[in-house]
Each structure stands twice: as C-alpha cells, then as structure tokens.
Amino acid sequence: MLDPNALAALSQLKTDIQATKDYAEGVVAATSGRFGFVRCDDGRDAFLAPEKMERVLPGDRVQVSLNENAKGKLEAELEKLQEPGLSKFVGQYRVRGKGHFVVPGGRDFSRWIFIPPQQRKGAKEGDFVIAKISRHPWRDGRAQANILFRIGQPDDAFIEHKYIKAKYDLNYRSGEEHSKQLEAVQNDFANENFGERDDLSALPFVTIDSASTLDMDDALYAQKKGDGYELKVAIADPASFLAQGSALAEQAQNCAQSVYLLGGTVPMLPAAIAHYAFSLEAEKLKPALVCSMEINANGEVSSANFSRAKLRSAAKLSYEQVANFLDRGNSDAVDESLQANLTLLAEISVLRRNYREQHMLLNDDSGDYDFSLDERGHIDSIRLRERSSANQLVEEAMVACNIAAGHFLAEHNAGLFTVHKGFREDRIGEAAALFKEEGLDFGELNTLDSHKTMHRSLSADSERSKYLPALRRLMQGAELSHEQGPHLGLGADFYATVSSPIRRFADLFNHWCIEAVLNGNKAPKLSEQQLQSLNENLRNGRQADRELQQWLLCLYAQKQVGNSAKGRVRIVTQQGFGVKLDDSGLEGFVLFGKDQEKSFDAKRLSLKVGEQSWFINDEVEIKIASVDQDKRRIAFELIS
C-alpha cells in the first residue's frame, strides 16, 4: 500500500499533467469514412481516429484533450461525454446473417447500429424505419437501438415523402384539446359569430392563387382616390379565434409554417379550418384583418391603417386566369364585374414596382418550377413557371402590406420583424477587401443606405455587376427578430409579415400583436428561447423541402443522363462550379481535373481554367454525365 506521501505525489503529478493538457469542448461530426472530427467551440477542428469514433455518435457534445499527431494535424483524445447528440433518428433496416442493424440516414454517417431481437418490431431487410438509441457506445463502442416505427419499403409509393416527413418530424399530432378547439372554431364560423367588424361585404374583393390552392390567406380590392389609389388587402383572421397558448396555437407555433413538400403539404393548422373556416372562400362571409393603404401617383404608400372587417370574396381566381386577362387581353378569362378591380390592381403593381426599384431593392427572379408527379410520387415532368402580371400584382400587394405592418408594429414596439442584416460578421472583411481592390467606398457596410448604394452602383456597372451574386454568398439569411431592424435585402426600413397567418406562425403572431394594439391592450411577446425555436423550426421545414426535392430530382436526372441543356453558374469553388439548369431547375457540378491549371478568386467567386473564366450567373451549356443516388449529387460535363 502506498504511503500518504506517495499518494499525494501521484495526485500532484495527475494535476500537473492535466494542467499541461490542451482541453476543449465541441460536437462530434462524422464523415463518409470511419474517422470523424470534433468541431470545437473555439473554431478548431480536431481529428478523431476510427477507434475513437466507435465510442461516439454524430452530434455528441464531448470534452477532449488536443495534441498534434505525427502528421502535424490536431487530434482529439476523448475525455468526457457531456451530452448525447443522437437519440431518435430515421434510417434503413439491414440484416446480415443473424445480425439485425439500422443504418442512420445521412450522407456522412455509415455506421451500423445493432438492434436486439426483442426490439425489432417486425422490421425486415431494406425497410425505412424510425429508431431510438437505447445504448450509447461511450464505454465499449457498442451502440444499440430500438425500432419505434416502420415507414415502408424503398419501392413503396411516395416513400421519399414519408421518409422526409419522419426524418424532420413533420407529422401533425392532435389530441382531445385540439379536437374540442377545432369544433368550437367550426361552430363560430357556421353561425357567422365574428363579433364587431366593419362590413365590407359589398366590395368585390378577389383571391388570386394557384388553381389548386384551398387555404386562401388574402383577398384584394382597389379603387381610384384622387391622383392615386386605395389598396385594401384583406387577410384571413385566425388570430381572433385561436387564443395564444391554446392547443391549436401551440401546435402552430411548433410547426412554424405549412411545409409544401412535393407529394403533399404538411399544414400548420388542420385542413378543416385552414381550407374552409379561415380560408377566404368565394361568396362566403368571412372575418378578416384589413390593411388599407393610400398610394400616391409615384407609387409611395402615403398612409396605412389596420381594421377588423367582414367581407365576401367575389371570386376565386387563378394566376393563369388573371394573366390571360391582363397579359393576353382575353376578356372572357374573368367575369366582367371583376375586370375594373383587376385593372386597378395591375396599375398599382406597376407603380409599386417602379417605386421599389427607385427607392428600395428588388429581388432577382430566379425562376420557379411546377413538378408533375407519377403514381409513385416521382417527378414525371418539370415546367418552368411563367412569371406574369398576375404574379407581380399579388407580390407587390403583399410586400406593400408587410412593409406597412412593419412600420405599424415598430411604432407600437410590438411584433416579430423579418430582419436581414447584410454581410455575415465573419465574411464582411472579404467584402471590404474586394471594394478596396476595386477602388470603391460605400461607407459603413451593413447599413440600409450603404447597402442600397452598393447594390445600385454595382448593378449599373456592366463589369462589376457580376460581383453581386458573389457578395450575396457572404451575407446572412433573413431571420425573425424582436429587433426593429431593416431588411437590407428588400431595402426596407421595417418588414413584418402578416399576409399568410394560415400558413406562417410569425404572421399569426403579428396578427395577435396588431389586434392587441387596436383593442388598446398590451401586445404579446415571445421569449428569446421561443424565438430561437421558431427560427430553428422554420429552417427545419426549409431543409426538409430542399432534401426531398433534391432526392426526387436525382431520381428524375437518372433518366436524363446524356442529355444536354443550358443553365447558369450558381456557385464557384477551387475545383469547379455548380450549375442550375434553366428549363428544369436541376443542379449539378462541373468538376475540372487535377491536371488542369486553375486559378480561384475567393473574393469574386470566380474560377479561371486556362484562358476561360467563370463567374456566378454566367450562362453555360452542359451535358448530364452521371448521378450518385447515395450522395444525391448530379455530375455535369461542360460542353465547350
């Protein structure tokens, strides 16, 4: 037995060793191989050897000690599991001999996790499943999981849609409280129990949406007023019937938005009220929140106010019907009684677009696509959606309404603002360096005035306009915030969405705030944690949409291998560039060989190969070379 002095010496030695170690905390990231990395909180990445990766799972938060390995690279030694990262997940069920496993879904995670016999729930080879980790591998490298739910086989109809819904937890859940509230709302609408409201039922409002749309959020009406116009945007009013904190309101907050997946929508609110009760259906008396705006001859909104009203939409019109009337002069496309209103709405949209072009900023129209699906839920054909006066008419009305809402809510220190802050803090230096090289000075970046000046200056320069798409890559995305900040992407002082409360929780919340102000009450406010969760759920829905679309596009592209098409460069790297095809929206990558001489300009996001240079938005012609279905990547070859 060691004497007390020896024990003390050993303890001191251990303390000294620990004091000299370089400790860090971070999150485990897997790769397509057996090794991985720890993404440390301080920005460093540390290599995790295969034998160490056996003890952790992607997303685990760990404490590690760091050292330099024989190759001069930073390597991690696992010290402590602080928080498991992977719990419930989707994957594919695999059987090898007597062993049953699930392989979690994800491009960079190929580990097979054992499923004990009593936890297999009848799953069979190839099934897509939902599973849950039941034994973490930290101690001995042996992970186990339980099967929770069988999604289906890879050849089942619409299996990709079902898989993505399960992966991103987009399945709607309801309970007794939801059912009771749903019934109460339906009774209010059946009895036209809408409370005190302005009666606008005599005005010929119209809804304009896709022909298949059932959740009509807004209806439009316009009239001449002196040298200008009055534009009324009537918006569905679920806020008056769903109290904040109620079962359906909480469900809407958790969903954050309706997610429009290929093969079927995941609604934010139950279809019974989203498609019928709240929807501004034609010829039915409905409650609404109305934004009334006076627009002068220059297209400026000179005044705006909000009120609670009831109205009766005169017609449900499609974009195609309105475009046939406005763009093609087909007077039979819409009823004669609606034509004067549509003509005024079109005049307002031209005025507003011109005003925004002069005083704000316009988003580039990147093109939208209509997908036709076959009986299996796979893409059968793709058509570039026509951009018509009807689309512009609705867009300008919605933007004007949301800007008016932003100013109203900012004035009353309430609501959620859609804020675009411009360049990311970690990339603003690159933008500043580019401007310095080009001899440009736009003052303090990330202010509204400098952003508009920068955009207009570069747009007006035929040579430098090619830098704009590269600069956008350095910018952060728009996010919801309590902060009354500008939306730099739109060039607007304030922007708060209110036009789609059936489809977006932020809009529903802003309706609660507006109605509180109108009633002289204190407006509600989300906690920072609730706001963070809302932004995360919005990103979750967008990622689900992108992943499903890319999956289905890869299946579609497999049938197009060998075909040529034209497209535009969307991203540039040191190895090549990504291209989006004009006619189908397919995105793939042109990779140049290692033996080809290349020069990459990171500031301008341009690539020079030989004597040829490529910038973002350049037109190119390519051939579809191959498709990697596992990684969901499409390879293009450049046609000289």
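The values are calculated or read from the model by the stated rules, or taken from the named source; none is laboratory data. Please read all numbers here as calculations on a predicted model, not as lab measurements. Glycine also receives a Cβ, built like all others from the backbone with ideal geometry; neighbour counts cover every protein chain displayed.
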Practice item. From the list Phe278, Phe325, pick out the single residue that is over 30 Å from Gln358 (Cβ atoms), buried (at least 20 other Cβ atoms within 10 Å of the Cβ) and among the hydrophobic types (A, V, I, L, M, F, W, C). Key: Phe278
Review point. For Phe109, which of the numbered conditions (1) under 18 Å from Leu148 (Cα atoms); (2) in contact with a strand residue (DSSP E or B) (Cβ under 7 Å, 6 or more places away or on another chain) fails to hold?
Key: (1)
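Yes/no matrix, rows are residues, columns are (1) within 30 Å of Pro104 (Cβ to Cβ); (2) surrounded by 13 or more Cβ atoms within 10 Å (Cβ to Cβ):
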| residue | (1), (2) |
| --- | --- |
| Gly175 | yes, no |
| Gln181 | no, yes |
| Ala190 | no, no |
| Glu196 | no, no |
| Leu203 | no, yes |
| Gly228 | no, yes |
Practice item. Scan the stretch 522-550 and report the pairs whose first residue is on the phi > 0 side of the Ramachandran plot and whose second residue is basic (Lys, Arg), with Cβ atoms within less than 9 Å and a gap of 6+ or a chain change. Key: none
Exercise for review: Among what's in the stretch 94-112 and is closer than 21 Å to Leu548 by Cβ and of a type outside the set (A, V, I, L, M, F, W, C), pick the residue that is surrounded by the most Cβ atoms within 10 Å (Cβ to Cβ).
Suggested key: Pro104
Review point. Is there any pair linking a residue in the stretch 574-585 that is touching a residue at least 24 places away in the same chain (Cβ under 8 Å) to one that is in a loop (DSSP other than H, G, I, E, B), with Cβ under 6 Å and at least six apart or on different chains, and which?
Key: Gly576/Phe592
Exercise for review: Determine which single condition Ala145 fails, assuming it passes every other condition in (1) in a loop (DSSP other than H, G, I, E, B); (2) among the small types (Gly, Ala, Ser); (3) at pLDDT 95 or above.
Suggested key: (1)
Exercise for review: Select from the stretch 592-622 the residues that are in a loop (DSSP other than H, G, I, E, B) and not charged (D, E, K, R) and write down the one among them that is modelled with the highest pLDDT.
Suggested key: Phe592
Exercise for review: Pull up the stretch 158-173, narrow it to residues that are surrounded by fewer than 20 Cβ atoms within 10 Å (Cβ to Cβ) and basic (Lys, Arg), then point me to the one that is nearest to Gly105 (Cα to Cα).
Suggested key: Lys162
Point to revise | Residues of the stretch 173-193 that turn out to be of a type in the set (Gly, Ala, Ser) and under 16 Å from Cys255 (Cβ atoms), as a count | key: 2
Check your understanding: In the stretch 463-474, is there at least one residue being among the small types (Gly, Ala, Ser), within 26 Å of Ile616 (Cα to Cα) and at pLDDT 95 or above?
Key -> no
Point to revise | Identity of the residue in the stretch 125-142, in contact (Cβ under 8 Å) with a residue 40 or more places away in the chain and not in a loop (DSSP other than H, G, I, E, B), that ends up surrounded by the fewest Cβ atoms within 10 Å (Cβ to Cβ) | key: Lys132
Practice item. Pull up the stretch 556-575, narrow it to residues that are closer than 25 Å to Lys594 by Cβ and under 26 Å from the mean Cα position of the chain (by Cα), then point me to the one that is surrounded by the fewest Cβ atoms within 10 Å (Cβ to Cβ). Key: Thr573
Check your understanding: When Leu591 is evaluated against the numbered criteria (1) crowded, with 19+ Cβ neighbours inside 10 Å; (2) over 24 Å from Arg383 (Cα atoms), which criterion, by number, is the only one it fails?
Key -> (1)
Practice item. Among the residues of the stretch 27-45, count how many are more than 25 Å from Trp112 (Cβ to Cβ) and of a type in the set (Gly, Ala, Ser). Key: 1
Point to revise | Enumerated strands (runs of 3 or more DSSP E) restricted to the stretch 183-246, each holding at least 2 residues that are touching a residue at least 40 places away in the same chain (Cβ under 8 Å) and closer than 19 Å to Ile295 by Cα | key: 218-225, 228-236
Practice item. From Ala219, Ala304, Ala239, grab the single residue that is touching a His at 6+ places or on another chain (Cβ under 8 Å), surrounded by 22 or more Cβ atoms within 10 Å (Cβ to Cβ) and among the hydrophobic types (A, V, I, L, M, F, W, C). Key: Ala239
Review point. Within the bounds of the stretch 317-326, is there any residue that is β-branched (Val, Ile, Thr) and in a strand (DSSP E or B)?
Key: no
Review point. Looking at the stretch 414-445, which of its residues are closer than 30 Å to Asp507 by Cα, touching a residue at least 24 places away in the same chain (Cβ under 8 Å) and surrounded by fewer than 18 Cβ atoms within 10 Å (Cβ to Cβ)?
Key: Arg424
Revision key, fill the gap. Those residues of the stretch 589-610 that are over 31 Å from the mean Cα position of the chain (by Cα) and at positive phi come to a total of 1
Exercise for review: Tell me, yes or no, whether the stretch 527-535 has at least one residue that is of a type in the set (A, V, I, L, M), modelled with pLDDT of 95 or more and in contact with a Phe, Trp or Tyr (Cβ under 7 Å, 6 or more places away or on another chain).
Suggested key: yes
Point to revise | Qualifying strands (runs of 3 or more DSSP E) (wholly inside the stretch 252-311; at least 2 residues being within 23 Å of Lys232 (Cβ to Cβ), modelled with pLDDT of 95 or more and out of contact with any Asp or Glu (no Cβ under 7 Å at 6 or more places or on another chain)) | key: 285-295
Review point. Across the stretch 626-640, which residue is modelled with the lowest pLDDT among those that are farther than 10 Å from Phe589 by Cα and assigned to a strand (DSSP E or B)?
Key: Asp628
Revision key, fill the gap. Residues of the stretch 143-156 being within 15 Å of Gly85 (Cα to Cα) and touching a residue at least 40 places away in the same chain (Cβ under 8 Å), in sequence order, are Ala143, Ala145
